[in-house]
Amino acid sequence: QVQLVESGGGWVRPGGSLILSCAASGFIFSNYVMRWYRHAPGKERELVATIGTVGATNYADSVKGRFTISRDNAKNTVYLQMNSLKPEDSAVYYCAVTRLNSWGQGTQVTVSS
């Protein structure tokens, strides 16, 4: 079955960086668009970044220029490099393959001083 396992979350001070990873299994990873979402308490879930099968990317305006999504099809892994983090980036981050209606368990990112 489809499995998505995120890692790399944690606590970081404003201005810091984190890289999230999402290891995928149970499907032909290279054939699918991958997405990162985030969900903060009291807010709606937000689509953060998308990467297509050949590497085309798209970002929410709130993270453009600070976050970078990438994928390694040989490792069945999608990444989210997050730089210049702000307190408002604090959320649970999920990777997803929406075409298969599958989500990971999420990883918490907390940005505070």
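The values are calculated or read from the model by the stated rules, or taken from the named source; none is laboratory data. The structure presented is a predicted model; accordingly, all values stated were derived computationally and were not measured. No Cβ is skipped: glycine too gets one built from the backbone with ideal geometry, and neighbour counts run over all protein chains shown. Just the protein is used for accessible areas: all its heavy atoms, side chains included, with ligands, DNA and RNA removed. Shrake-Rupley method; radii C 1.70, N 1.55, O 1.52, S 1.80 Å.
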TODO: May I ask you to list the residues in the stretch 7-22 that are open to solvent by 50 Å² or more (accessible area, probe 1.4 Å) and either out of contact with any Gly (no Cβ under 7 Å at 6 or more places or on another chain) or of a type in the set (Asp, Glu) (or both)?
DONE: SER7, TRP11, ARG13, PRO14, GLY15, SER17
TODO: Residue by residue through the stretch 25-51, note down the ones that are farther than 13 Å from THR98 by Cα and either touching a Leu at 6+ places or on another chain (Cβ under 6 Å) or surrounded by fewer than 17 Cβ atoms within 10 Å (Cβ to Cβ) (or both).
DONE: SER25, GLY26, ILE28, SER30, HIS39, ALA40, PRO41, GLY42, LYS43, GLU44, ARG45, GLU46
Task: Verdict on GLU44 being of a type in the set (Asp, Glu) and more than 20 Å from ASP72 (Cα to Cα) - done: yes
TODO: Hey, can you tell me all the residues within the stretch 83-112 that are loosely packed, with under 13 Cβ neighbours inside 10 Å and in contact with a helix residue (DSSP H, G or I) (Cβ under 8 Å, 6 or more places away or on another chain)?
DONE: SER112
